[in-house]
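Below you'll find the structure, written out as structure tokens, and then a few comments.
The values are calculated or read from the model by the stated rules, or taken from the named source; none is laboratory data. Keep in mind it's a predicted model, so treat the numbers as computed, not measured. Reconstructed Cβ throughout: ideal geometry from the backbone, glycine too, with neighbour counts over all protein chains shown.
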Amino acid sequence: MTTRSRSVLTLAAGMAVGLAYAGSAMADDKVLLIGDQCDRTGATQIVGTVLCPAMQDYYKLVNSKGGIDGWTIKGDEIDNGYKVPEAIEAYERQKQMGALMMTFYGTPQTVALNARIEQDKIPTTSPGFGISAAADGTRFPYLFPIAATYWSQGAAAIQFAKDQLGGDLKGKKIAYVYYDNPAGKEPMPILEALQKQEGFELRTFAVPPPGVEMGAQIIDITQRYHPDFVIDHLFGRSPSVAIKGYKGAGYPLKKVLGLVWASAEADILAAGGWSVAEGYNTLQFAGAGDDYPVRQEIKEMYKKEGKEPPKEMADTVAYNRGLLQAAVQVEALKNALKISGGQKPTTEQVKAGFEQIKDFTLGGLVPPLQITATDHEGGGWVQIFGVHDGKFVKETEWIHPYRDVVENVLKTAE
Amino acid sequence: MFHREAGVFKTSYAADMALYPLPIARWAVAAVAVLFIVVVPLTCGDYPISVLNLILIAVVGALGLNILVGYTGQISIGTGAFMSVGAYTAANLVTHLHAPFWIALPAGGLMAALIGTIVGIPSLRIKGIYLAIATLAAQLIIEWTINHVQWISGGVQASITVPRPSVFGVRLVSERQIYGFLMFFVVLAIIATLNLVRSRIGRAFIAIRDQDIAAEIIGINIFRYKLYAFAISSFFAGVTGVLESYYLGIANYEQFQIDVSIDYLAMVIIGGLGSVLGSVFGAIFVTLLPIATRWFLESFGGVFFSSSDLLNVIPNLRLVIFGGLIIFFLVVEPEGLNRLWRNIRNYFRVWPFSY
């Protein structure tokens, strides 16, 4: 037999095994299917390559403990590369597979698919993506942002600034540095409303995408405006550029707060490491760091298999967000199974399952969420962590200040 | 092989000017039309039809870009922006004036044509890669404008919800209904392009592409025809944008960024510059190949990788295979898939007597 024909045979055998493998996976009937989208290759892969494995790890952990009342969870993941046509294709495929719930990944993708989930009645989570107005469950009945919206984040940022500046913001100067796209501009109504209420001075600084060059803004902020506090709402590469810039200009980083997408380990490392970013504050919608029991359980699970814990765990911010996301999904499925009485739940029952989530904290990693039929954000909880001695240290407990202001903006939003 | 080309006598001007003079070509086109207009919607499920819908939208855009790049020889990296002009024009008409699709769709196209014509003005002075940069600038300017001018974008979110179109009082909700809607415009676009490129205007485009100085000497008004090319191409792009926002139910500027322009450019280059069929092939190739490679990897990848690695391997390997296949096809046939198809066809035309 020549090498060539042998390799052809191997390939053919491989294909046969592959087909058998694909067949066996579909044969299970006590399976709850979740359709997840991810971005492992596109613009936001730095988050996706950590967040999505975390979700898979959590499903695996639940399954290794016997699943939910004997039901196993299967998370089907499709990479959309942060593109809309790919996201549509992924959605239609997972719908055909019979997914009970879905996760969308990316703001344009979430916006584009929203009409479909309402038509098909599939409850969907969109952690940190999509528009803030989706927190209103009466207007977006099937979309669950779960994570604190940009409005809640803006309110929490102002509260933190107030606490840092001695409890009074009157006459203080706050700089808002934002990525010049819809997401970057989103917190502004909240900031403007609070400006009137608290009497501080607010100036905004736009950073044109991709924000790898911010020299002009840094000089404007640190040399001309001299703000008492800085709120960074930046994405991708730009948070690290900003941290480096403030450090270089001698602006104290303890007076800088990055919103959720400017707050991962990757941003700290890209800025030059933990010692450079010492003092920098980050806003989180899932607990940061390693001190949570669920992370130890996952490490144990890998140890039992004789494997090292995955390298993704080192990026605790993105990884823990994945855990939060998957944990809330599993919790919703648990509630749904209670509603359905142990039968396979319908998507409507899963939606009801989401809307019953409360008192579920996963050892502090998940905020005290309370999702209801009207509030799909679960209260808009965030926690602030500061960079101290090479790790994230908790600065506050879970907070959700100025709820009245946020709800007001939510009501008047288009 | 199956037919004879001899003995087809044309006895009228109409027969001489027919799109498909040979009976077999007419039958083949009719068969393809029946397949996609009758058989596919009756037999396929929602998922295959949703993929076809994505392809149909891409076909219109690729045809439009091919008129500009393939037939007239003017490079443009602004398709995404022209699509967004069409999408936002239609979205505003639909939400504020409740315009039906037969007003919103041409209005989106015409607005895109207007903007496209303005963008096309530099093409008189600059050519080739320089023109590409000018259209790139247009892409960025239009993106910025939509992002910052709120009466266009409908608010900070820069997204406007667009309800599905109604045809004769029926709202097109299902995938199958919207498939019919899209198919109608694709057929229209294909017939229009086929006829355009063999008309006086189309011949002028080709003359400009092949040698613009010579074209000017034989009396073609280069400025006018270059602007025609930009206008027609942008009209198609605008219509594509409207169709896409009808299909998705939303107009959002992040759907029309520079990577979309590059995807469309890839479609016409892979499909074949200066051919209608090539645009269709390119749209199918670029839309379907990522899906097909993932199907393949999901089915057979389990043999070589563990399931947790597989989730990481599939998307990345998919990109590698996608890039590799593009290079492969362009090396095998630099003139694109259309030429490859013609080579195959010509081989079988005389087969088995290849002398």
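B:ALA99: assigned to a helix (DSSP H, G or I) and not basic (Lys, Arg), yes or no? So B:ALA99 fails the test. Going through (1) over 21 Å from B:GLY282 (Cα atoms); (2) within 14 Å of another protein chain (Cβ to nearest Cβ); (3) touching a Ser or Thr at 6+ places or on another chain (Cβ under 8 Å) one by one, B:VAL260 falls short only on (1). Among all positions in segment B:329-342, there is no residue which is farther than 24 Å from B:GLY61 by Cα and buried (at least 16 other Cβ atoms within 10 Å of the Cβ).
For segment A:361-376, taking the residues that are part of a loop (DSSP other than H, G, I, E, B) and surrounded by 18 or more Cβ atoms within 10 Å (Cβ to Cβ), the one that is farthest from the chain's Cα centre (by Cα) is identified as A:ILE371. When you scan segment A:162-176, do you find a residue that is surrounded by fewer than 23 Cβ atoms within 10 Å (Cβ to Cβ), touching a residue at least 24 places away in the same chain (Cβ under 8 Å), within 11 Å of chain B (Cβ to nearest Cβ) and at negative phi, even just one? No.
For the structure I just gave you, tell me whether B:PHE329 is in contact (Cβ under 8 Å) with a residue 40 or more places away in the chain and away from chain A (no Cβ under 14 Å).
yes
Within segment B:41-56, residues that are at the interface with chain A (Cβ under 7 Å from one of its Cβ atoms) reach partners that are surrounded by fewer than 21 Cβ atoms within 10 Å (Cβ to Cβ) with beta carbons closer than 6 Å, at six or more positions or on different chains, in the pairs B:TYR47/A:ARG93; B:TYR47/A:GLN96. Looking only at residues in segment A:185-200 that are assigned to a loop (DSSP other than H, G, I, E, B) and either on the phi < 0 side of the Ramachandran plot or aliphatic (A, V, I, L, M) (or both), which one is farthest from the other protein chains (Cβ to nearest Cβ)? Step by step, filter segment A:185-200, then rank; the result is A:PHE200.
Looking at segment B:159-186, which of the residues that are more than 14 Å from chain A (Cβ to nearest Cβ) and free of Cβ contacts under 8 Å to residues at least 40 places away in the same chain is farthest from the chain's Cα centre (by Cα)? Full working, then the answer.
Initially, segment B:159-186 is screened for residues more than 14 Å from chain A (Cβ to nearest Cβ), giving B:166-170, B:180-181, B:183-186.
Subsequent filtering for residues that are free of Cβ contacts under 8 Å to residues at least 40 places away in the same chain retains B:168-170, B:184.
Details: B:PHE168: 27, B:GLY169: 29, B:VAL170: 27, B:PHE184: 14 Å.
Looking at residues that are more than 14 Å from chain A (Cβ to nearest Cβ) and free of Cβ contacts under 8 Å to residues at least 40 places away in the same chain, I get B:GLY169.
Taking strands (runs of 3 or more DSSP E) as the structural unit, those lying wholly within segment A:70-184 and holding at least 1 residues that are touching a Cys at 6+ places or on another chain (Cβ under 9 Å) correspond to A:72-79, A:101-103.
Here A:GLN343 does not fit the description of being closer than 29 Å to A:ILE268 by Cβ and at pLDDT below 95. Here is the figure for segment B:124-149: residues that are away from chain A (no Cβ under 14 Å) and either within 14 Å of B:GLY80 (Cβ to Cβ) or within 22 Å of the chain's Cα centre (by Cα) (or both) total 11. Being farther than 30 Å from B:ALA91 by Cβ, at pLDDT 95 or above and surrounded by fewer than 20 Cβ atoms within 10 Å (Cβ to Cβ) is a property that B:ILE206 has.
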